[in-house]
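As structure tokens, the structure follows; a few thoughts come after it.
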Amino acid sequence: KFSKIEGVQMRSKVEQLKEQFEKDLDKEKNIKQEINRIKKLYKEFPKEKIKVLEGLINEAAFIKISLEELRENLLKNGFTEVFEQGEQRFNRERPEVKIYTTFIQRYSNVMKQLIDLLPVEVKKEEADELLEFLNRNKIKK
């Protein structure tokens, strides 16, 4: 038998897990939508070439959705946090900033590889969209 406090704590934990599960489902859905969006660009490619591109496409979709989440987190929670060690207290860069910076570089590289394989008429449109995404997701510190 649980005390009232333990029961409340358990309910709270269950609610947190449910919320995280729903968030993960949304992320998976968004990643699949992005994969489908990118795959449409290659609809004229032979199936065997698309199989080779799937790794890059999946990576690009995952990174893009992750970047959007990280950006939201950084805008909400800021770039720095107070760090305490003993009696010392100072601001330090949050780990999410480094992850964001790494992911934005990786996304740019993966998308460049994918764009370079596109036919010329589609290449410019997709390159413009990439630049717009990168510029839109620049975060001023």
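Odds and ends about this structure:
- Among residues of segment 67-78 that are touching a residue at least 12 places away in the same chain (Cβ under 8 Å), those with a beta-carbon under 8 Å from a residue that is open to solvent by 70 Å² or more (accessible area, probe 1.4 Å) and in a helix (DSSP H, G or I) at least six positions away or on a different chain give the pairs L70/I99.
- Selection from segment 100-115 of residues that are touching a Lys or Arg at 6+ places or on another chain (Cβ under 8 Å) and more than 13 Å from I57 (Cα to Cα): Y100
- The set of residues from segment 65-121 being surrounded by fewer than 14 Cβ atoms within 10 Å (Cβ to Cβ) and either hydrophobic (A, V, I, L, M, F, W, C) or in contact with a Gly (Cβ under 8 Å, 6 or more places away or on another chain) (or both) comprises L75, V82, F83, F90, V120.
- Members of segment 89-141 that are outside any helix (DSSP H, G or I) and of a type in the set (K, R): R89, R92, R94, K138, K140, K141
- Test: residue in segment 36-58 that is in a helix (DSSP H, G or I), at pLDDT 90 or above and β-branched (V, I, T): yes
The values are calculated or read from the model by the stated rules, or taken from the named source; none is laboratory data. Note that the structure is predicted; figures quoted are calculated from it, not measured. Counting neighbours? That spans all protein chains shown, and the Cβs are built from the backbone with ideal geometry, glycine included. The accessibility values were calculated without ligands, DNA or RNA, using every heavy atom of the protein model including side chains. Shrake-Rupley method; radii C 1.70, N 1.55, O 1.52, S 1.80 Å.
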